[in-house]
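Trainee: Sharing a structure below in structure tokens format, with a few things to ask.
What follows draws every value from the coordinates through simple rules; no lab data is involved. Everything numeric here is computed off the predicted structure, so don't read it as measured data. As a convention, Cβ positions derive from the backbone with ideal geometry for all residues, glycine included, and neighbour counts pool all protein chains shown.
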Amino acid sequence: MPDDIPAGFQVISRSSPYIDMVGPLYYKLTDEGLQVAFRAEEKHCNSRGFVHGGMLSTAADIALGYGAGDFPNGNRAMVTTSITIDFAGSAQLGDWVVFKTDVQKVGRMAAFANTYAHVGEKRIVRASGIFSVLDGRS
């Protein structure tokens, strides 16, 4: 693990071809819930050097879904039904971006969660997601 990754964060090993492409992503479990983070690399940035909104949206979706799915302890299969995201700031090349997730409810058919992205103490994104809980059928 690179030396510039804050203590307590581990690489997300449950991956997919898409997550491999945008990663590495990291996680940490806290008393407040799951945190998902990444170090902003050139591949995450737009031509102005800011982290692209698509990358922030991707990381928010992962943080929301993994949080509601009880990652890394659980393996509840879910798919994103809806995600709403608001950008209140920005991240730049080299920034450590952390998504702090708050799960509202996980039911038999749906799960609801919120996440907030921070660079240091500055909140830059808020997102909420609704997930359909899969019961083994496609």
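Trainee: With each pseudo-label sitting 7 Å past Cα toward Cβ, what's the S13-D135 distance in nm, one decimal?
Mentor: 3.3 nm
Trainee: Compute the angle between helix 53-68 and the longest alpha-carbon principal axis of the chain, please, reported from 0 to 90 degrees and rounded to the nearest 10.
Mentor: For 53-68 against the chain, the angle is about 40 degrees.
Trainee: Counting other C-beta atoms within 10 Å, which of S47, S57 has the fewest, and how do the rest follow?
Mentor: S47, S57
Trainee: Oh, and also: At a 10 Å Cβ-Cβ cut-off, how would you order L34, L134, L25, fewest neighbours first?
Mentor: L134, L25, L34
Trainee: Now, a different point. With Cα Rg over 2.2 N^0.38 Å defined as stated, name the option among (i) 1.13; (ii) 1.24; (iii) 1.01 computed from the structure displayed.
Mentor: (iii)
Trainee: Check M78: other-chain or 5+ apart residues with amide H under 5 Å from its amide H, H built from backbone geometry?
Mentor: L134
Trainee: Additional query: So how do H52, H44 line up by other beta-carbon neighbours within 10 Å, fewest first?
Mentor: Going from least to most buried by this count: H52, H44.
Trainee: Whose amide H sits under 5 Å from the amide H of D95, counting only residues 5 or more places off or on another chain, with H placed in the peptide plane?
Mentor: A40
Trainee: Tally Lys and Arg at +1 and Asp and Glu at -1 over the other residues with C-beta under 13 Å from the C-beta of G107: what net charge comes out?
Mentor: +2
Trainee: Another question, if that's okay. Below 8 Å, C-alpha to C-alpha, sequence gap of six or more: please give me the relative contact order for the chain in percent.
Mentor: With pairs under 8 Å counted, the relative contact order is 23 percent.
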